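Contents: one structure, followed by commentary.
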Amino acid sequence: MKLPVQVVFRDMPSSPWLQDLIERRVEKLEQFAPDLMSCHVAIETTGNHHRQGHIYQVRIDLRLTGEELFAGDHHGDEDVAIAVRDAFDAISRRVEAHVQRRRDEIRRVRRERGARVGVMPAEPDLESIEEPLGDPASAFGEGEGAAPGVKTQQA
């Protein structure tokens, strides 16, 4: 599923290369956590600093199944690409923590229920057995079909 990404540019013109950069970073997040439902990114310039230039603030709001994550309150820079990188690095760490908490919760619930966590072995292919199994009564007694030297108890 392609995650819907909403990018808003405030107090600055929109930029196709910046839009593309953001969409690529969101695709990486979506590969790591496929339960992402929506992403909202706001890029804005703060102040009009004549000597240092504009400071770019990037805020990211991600909605996952059962949780909403935010990042970017403290990620500002004079270079908009660095501000985007820092904000996405922060939200990536939060998404990783969310995914890990989910996995731990699933493991805990399975342990409480007594279920094993792992891969079940495949069932044997019973149609590929070509030899008949033999007489079930003779399998446990002496005689034809019993293993040599095996004796049974008499009732």
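The values are calculated or read from the model by the stated rules, or taken from the named source; none is laboratory data. Here the structure is a predicted model, which means the values were calculated and not measured. Note: ideal-geometry Cβ built from the backbone for every residue, glycine included; neighbour counts use all protein chains shown. Remember, those area values only see protein heavy atoms, side chains included, never the ligands or the DNA or RNA. Shrake-Rupley method; radii C 1.70, N 1.55, O 1.52, S 1.80 Å.
Candidates in the range 64-78 are the residues that are modelled with pLDDT of 85 or more and more than 16 Å from residue 101 (Cβ to Cβ); of these, the one that is least open to solvent (accessible area, probe 1.4 Å) is 71. Would it be correct to say that residue 19 is open to solvent by less than 40 Å² (accessible area, probe 1.4 Å) and not hydrophobic (A, V, I, L, M, F, W, C)? Against the criterion (open to solvent by less than 40 Å² (accessible area, probe 1.4 Å) and not hydrophobic (A, V, I, L, M, F, W, C)), residue 19 does not qualify. Within the range 43-50, not a single residue is part of a helix (DSSP H, G or I) and farther than 17 Å from residue 101 by Cβ. When residues in the range 1-16 are screened for being more than 22 Å from residue 98 (Cβ to Cβ) and either surrounded by fewer than 14 Cβ atoms within 10 Å (Cβ to Cβ) or among the hydroxyl-bearing types (Ser, Thr, Tyr) (or both), 8 of them pass. Please state which of the following conditions residue 3 fails to meet, knowing it meets all the rest: (1) at pLDDT 85 or above; (2) under 25 Å from residue 66 (Cβ atoms). Failed condition: (1).
Residues being of a type in the set (Lys, Arg) and assigned to a loop (DSSP other than H, G, I, E, B) are entirely absent from the range 80-102.
Filtering the range 11-27 down to residues that are part of a helix (DSSP H, G or I) and free of Cβ contacts under 8 Å to residues at least 60 places away in the same chain, which residue is farthest from residue 55 (Cα to Cα)? Show your work before the answer.
Initially, the range 11-27 is screened for residues part of a helix (DSSP H, G or I), giving 16-27.
Still in the running and free of Cβ contacts under 8 Å to residues at least 60 places away in the same chain: 16-17, 19-20, 23-24, 26-27.
On the way: 16: 20, 17: 19, 19: 18, 20: 21, 23: 22, 24: 23, 26: 23, 27: 26 Å.
Among residues in the range 11-27 that are part of a helix (DSSP H, G or I) and free of Cβ contacts under 8 Å to residues at least 60 places away in the same chain, the one farthest from residue 55 (Cα to Cα) is 27.
For the range 24-48, a residue qualifies if it is more than 18 Å from residue 82 (Cβ to Cβ), in contact with a strand residue (DSSP E or B) (Cβ under 6 Å, 6 or more places away or on another chain) and open to solvent by 20 Å² or more (accessible area, probe 1.4 Å), and the qualifying residues are 30, 35, 37, 38, 40.
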